[in-house]
Every structure is written in structure tokens, then in C-alpha cells.
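First up is the structure itself, then whatever we jot down about it.
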Amino acid sequence: MPKNPPKGTKFITADQVEKILLEQLETHQHPEELVLWELVRLYSETGRHQDALGRMKQVLAIVKTPEEKASCYKGMGQLMEQMENFEAAIKYYSEAMALEPVNNETWYFIFNNLGYSLNQLKRHAEAETYCRQAIQIEPRRCNAYKNLGISLEGQGDYAGAANCYIKAVHENASDPRALKHLEMLAEKHPTVTIDVQEFGAQLEACQMAVKKAAEAWDLRVSERDSL
């Protein structure tokens, strides 16, 4: 059972956090860029996406290198995703891509997130290209495999989609989204269970992997709360 917080514990509200950060911004107690990023995070987590976008644009005006600017545009794209404005998300990710950042992780998420946003607009063939580029950069991450699966499914390649969902589960079973896509695919298009070799066994292995990952997470949470 989770422990109750110690008696006398005081919780700080989002409004109080904002007040502290705005004071730090005004008094220059900390580097402006760092405080602005904290405000972006706060506003994003509390659903104030337009405020987060405004602060992100302030960061963009401060940073100097193409790498830092690309990270800002990537962040703007993620904010647009949260607002389900996928056209704007694509615009910002494209701005990030044009800056040609050198960090592989930045590139990975630009390509992956472009693929995700294009899928949301049913532009599956375009999404496929970016998902494959993301996989070339980071073949051990699950996100792009899942999004590639969605793009292939949208193009009618159900066996290819199934194999991508299976690969995504193998790369990260703690993320159950790929398994859900796989199960729904089999339900909507039963022929995939014949077209994919040993589909039943592979589905069962994915389900078991996700179950074990969830159990391991619950155990870690339980052990942490018992300390």
C-alpha cells in the first residue's frame, strides 16, 4: 500500500510554481533559457499550450546554434501534437529538419514525429518515408516501428504492419500501444493471421511480454512506496 505523506508535508501548486519561475525570470536568479524551458514544461503539463508555445518562441530567440534551434522547433511541433493541430506540427518539424541538427536523437524524433503527424492526417505514404529514416538512425527504439506499422496499415500492407507492431513490442514491451494496434489489426483484418508466419505464437509472445513488463513496473512502484 502506498504510504501517506509525512505529517505536515506541504504540496506546492502549479500556480505557486509559476509564480516562483516568473520571479526568477524577472530577477535573473537563474539563466533565462533554463527558466523559460521550465515554464514551457509547466504550461505543457497543465494544458496551457498557447502559453507554452509563447515561452518556447522566447527560447528560440535566445539560443544560437542550429542544434538548439532545431530542439525548439521540435518542441513546438510536440506542443501542436498535444493540441491536435497536426498541420502546424508538420510545419515546425520541417523547420527543425531544415536546420540539419547533428544529434542523432534530435533527428530520430524529428523523423518519427513527422511520421506520426502525417499518419494522423492519413498521409500514410509520406509517413512511411520518415518512419523508415527514423529507424535507420535508432533501430532499437520502438516508436518509429509503431508509426511505420500505422503507415503500412493505412496503405493496406497488413502483414508489413503486423511485423512492425511485433518489432515495436520486442524493442519496448513496457509501451503497450503497439500490442493494441496488433490486436486491433487482427480483429479488423483476419487474413493477417494467415499472411504472417506463426502469427498466433507471435501475438501470444507479445501479450506475455507486455504483461511481464507491466508486472515488473507494478513491483517497482510497490517496492518504492514501501520504503
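Compute the Cα gyration tensor for the chain, then decide on rounded, prolate or oblate, letting a ≥ b ≥ c be the square roots of its eigenvalues: rounded whenever a/c is under 1.5, prolate when a/b is larger than b/c in the other cases, and oblate in all that remain. Oblate.
Here the Karplus curve 6.51 cos²θ - 1.76 cosθ + 1.60, taken at θ = phi - 60°, turns the phi angles of region 81-93 into couplings of 4, 4, 8, 6, 9, 6, 4, 5, 4, 4, 4, 5, 5 Hz, with x standing for Gly and Pro.
Could you tell me whether region 65-152 comes out rounded, prolate or oblate from its Cα gyration tensor? Rule is a ≥ b ≥ c as square roots of the eigenvalues, rounded for a/c under 1.5, then prolate if a/b exceeds b/c, otherwise oblate. Oblate. Along region 60-65 the Karplus relation, 6.51 cos²θ - 1.76 cosθ + 1.60 evaluated at θ = phi - 60°, assigns HN-Hα couplings of 4, 6, 8, 5, 10, 7 Hz to successive residues, with x for each Gly and Pro.
Working from label points 7 Å from Cα in the Cα-to-Cβ sense, the residue 214 to residue 177 distance is 1.7 nm.
Highest-first packing order for the peptide set 95-102, 159-166 is 159-166, 95-102, based on the mean count of other beta carbon atoms within 10 Å. So which trypsin sites (Lys or Arg not before Pro) in region 71-127 are both in a DSSP loop and have at most 15 other Cβ atoms within 10 Å of their Cβ? Passing both the DSSP loop test and the Cβ count: 122. Between residue 87 and residue 129, the contour length at 0.36 nm per residue exceeds the alpha carbon distance by 13.4 nm.
Note on residue 65 and residue 197: the extension gain reaches 42.7 nm, defined as 0.36 nm multiplied by sequence separation minus the Cα-Cα distance.
If you take the Cα centroid of region 46-104 and the Cα centroid of region 109-132, the two points sit 17 Å apart.
A prolate overall shape is assigned to region 157-222, the ratio a/c of its alpha-carbon gyration tensor axes (a ≥ b ≥ c) being 1.5 or greater and a/b exceeding b/c. Within a straight-line Cα-Cα reach of under 16 Å, residue 180 can be paired with the following aspartates and glutamates, leaving aside sequence neighbours fewer than 8 residues apart in one chain: 153, 171, 204. Sorted fewest first by neighbouring Cβ atoms within 10 angstrom, 142, 131 come out as 142, 131.
The packing ranking of peptides 194-203, 145-154, 35-44, highest mean first, is 145-154, 35-44, 194-203, where packing means the average number of other beta carbon atoms within 10 angstrom of each residue.
No value in this document is a laboratory result; all are computed from the given coordinates. The shown structure was predicted, so the numbers you read here are calculated from the model rather than taken from an experiment. When we count neighbours, we look across all protein chains shown, and the Cβ atoms used for this are built from the backbone with ideal geometry, even at glycine.
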